[in-house]
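Nothing in this text is a laboratory measurement; each read-out follows from the coordinates by a stated rule. On a predicted model such as this, the values are computed, not experimentally measured, just so you know. When we count neighbours, we look across all protein chains shown, and the Cβ atoms used for this are built from the backbone with ideal geometry, even at glycine.
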Amino acid sequence: MATRGSRSEKVKRIFQQFDLNRDGGLNREEMSALVVAVNPRVRFSDEQISAILDEVFRTYSDFIDTDKGLTYDGLLRTYDDGAGDVDRDFEALALELKSDDDNDNSNNNNEPASSMAFEEASTSLVVDERVKSPEPQKQHRTATWAASPNHGIIFDDTWKLVDDLEILIKRLKAKQMKDLKTKGEHSDAFSDPGWSRELGPSMEMNKHIIWDETRHDYTIFVKELGVLRSRADGSRSREEAFDGHMAIGRLLYDQHLFKEALVCFKRACELQPTDVRPHFRAGNCYYVLDQHTESKEEFILALDAAEAGGNQWSYLLPQIHVNLGIALEGEGMVISACEHYREAAILCPTHFRALKLLGSALFGAGEYKAAVKALEEAIYLKNDYPDAHCDLASALHAMGNDDNAVKEFQKAIDLKPGHVDALYNLGGLYMDMGRYQRASEVYTRVLGLWPNHWRAQVNKAVSLLGAGETEEAKKSLKEALKMTSRVELHDALSHLKQLQKKKGNGNRNGIGVDAFTIIEPSKFKTLGEKTTLRQELARALEIRSFQRVTRLFRCDVELLKKEMNDSKTPLTIRQGD
């Protein structure tokens with residue numbers, strides 16, 4: 001995945017490719033050519049092109065030069081907001097990253113060298129290590145966000161805080177590097193949640209660093225970080241203090257020091273309560289820390305501030321709605337999440353991630369037709385979107401359209417061969433279709449990607465049993481038992497052994513009465529006060545079936561009741577919306 005530095009360079013190349021008159025802006029004709037060129041498989045009508053351009057020029061009005069059009073910063077912002085995929089567009093245009101000496105020597109010299117600049121710092125005292133010249137500091141900044149409009153660094157003293165913090169992080173990383181752990185080794189295998197982590201995501205989160213907070217060097221780091229926070233609080237004005245805490249928090253977030261970043265963002269919220277950015281980033285931190293309720297509350301505050309701020313924060317509204325929707329889903333509030341994904345898609349019609357998330361949430365709410373429509377729209381905007389194909393396949397399967405579901409799963413796998421979600425669900429689809437041998441092969445692929453996936457191991461055993469390979473099924477169940485000691489697996493293994501004994505007493509094909517386990521009627525409990533009512537058992541089975549389809553395994557009942565009573569959100573989504 002491209003770093004932030006290479007992202008900005010790719011956007012610059014795209015911008016230069018379509019800035020035909022070299023005036024530093026993209027007018028409507030140039031933007032139209034860009035939209036068509038990066039979507040070679042899509043045939044846009046004039047009305048569609050006009051609608052897209054109207055939305056872009058309205059949403060990013062702060063980046064529009066009246067005489068020239070959309071500036072480079074504006075184009076970069078559209079990509080940061082998820083309106084397009086930089087890597088995909090760059091590849092579609094067959095562009096290359098190379099030196100730009102002929103076109104813009106001075107600007108090229110100032111281009112950030114991505115986050116690799118962290119490794120160039122020394123490990124001696126903080127004050128002595130700071131780069132002496134303030135101007136080169138601004139030009140050679142490790143993160144492009146620091147100099148970008150609306151959420152960059154404003155005050156000179158803030159740069160000094162950032163420099164000192166970089167050195168502290170560098171020192172901590174050097175001491176913990178030998179034992180540094182990462183989680184998410186299989187992250188490439190799962191569906192991307194479409195999480196809008198930043199105003200402009202400066203680094204991907206698929207490698208989540210786990211810092212050892214129990215070590216002495218981490219304690220020292222936190223103490224020195226406290227000194228930097230105190231320096232920010234001691235600034236000459238509230239605005240400068242806010243600038244300092246936001247910059248410190250952003251850098252900490254980039255390095256996955258989420259708890260420490262959250263402290264800075266919360267302090268920034270205190271300094272400027274009506275500013276959208278600290279609430280937005282605090283919400284991101286809370287979500288990464290699995291505190292979904294707190295995350296939701298921060299995003300609601302960000303949304304209120306953005307709506308009260310007029311056009312100043314209009315560019316950020318789609319992202320807030322998306323992240324708020326994801327936080328609501330984390331609480332099990334799927335229907336409410338749908339409304340925010342829908343709003344994000346209305347505000348930014350080219351936001352394919354919002355449409356994908358809308359489709360996935362509608363599927364979770366049982367609105368399969370609406371889910372298919374939203375997911376097809378997402379794929380229309382971004383055909384090479386494996387997660388959208390995967391969820392579309394699941395929705396089609398729920399509607400009984402199994403043949404097309406298989407095709408969509410296969411498209412997802414072709415786009416991302418290591419997509420565990422697609423492979424696992426395809427295995428389930430094959431089992432539902434009675435193609436047990438094929439299902440066992442797919443589950444074998446899942447286990448090749450994720451050897452400790454015990455559910456895949458169990459399903460492989462079930463599919464082998466369906467294919468008549470009892471011995472192999474028993475081996476697979478034993479492997480699953482090694483991964484987890486769930487009582488169901490012990491019961492299943494005992495049941496298999498009983499079947500084998502009965503099968504041995506019958507004919508060789510195991511056909512007939514001897515192929516089944518016979519339970520004596522006297523072993524069944526008689527219905528009475530101590531037994532569970534049949535209606536309750538039926539409800540339990542229905543709930544379990546719902547959980548299997550929606551993947552909803554936790555929900556605060558009181559929170560759900562409150563949401564239903566306080567909100568006017570309909571229980572069903574109208575198909576015409």
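Most tightly packed first, judged by the mean number of other beta-carbon atoms within 10 Å of their residues, the peptides 210-222, 12-24, 160-172 read 160-172, 12-24, 210-222. The spacing between segment 415-432 and segment 307-377, judged by their C-alpha centroids, is 25 Å. Pairs spanning more than 32 Å between alpha-carbon atoms, out of Lys369/Lys475; Lys296/Lys356; Lys478/Lys530; Lys369/Lys562; Lys296/Lys460: Lys369/Lys475; Lys478/Lys530; Lys296/Lys460. Distances longer than 16 Å among the Cα atoms of segment 244-336: what percent of all pairs is that? So the pairs more than 16 Å apart make up 51 percent of the total in segment 244-336. How large is log10 of I(q)/I(0) for segment 290-339 at q = 0.18, 0.31 Å⁻¹ when the intensity is taken from the Debye formula with one equal scatterer per alpha-carbon? With no solvent term, the Cα-only Debye profile gives -0.52, -1.11.
For the listed residue pairs Lys10/Lys382; Lys223/Lys266; Lys10/Lys266, the alpha carbons are over 26 angstrom apart in Lys10/Lys266. Computed over segment 218-281, relative contact order equals 25 percent, with contacts defined as Cα pairs under 8 Å that lie 6+ residues apart. Applied to segment 213-227, the Karplus parametrisation 6.51 cos²θ - 1.76 cosθ + 1.60 on θ = phi - 60° returns per-residue 3J(HN,Hα) values of 7, 8, 7, 5, 5, 6, 4, 5, 4, 4, 5, 5, 5, x, 5 Hz, with x for Gly and Pro.
For Leu26, the amide hydrogen comes within under 5 Å of the amide hydrogens of Leu70, Thr71, counting only partners 5 or more places away or on other chains and with H modelled in the peptide plane.
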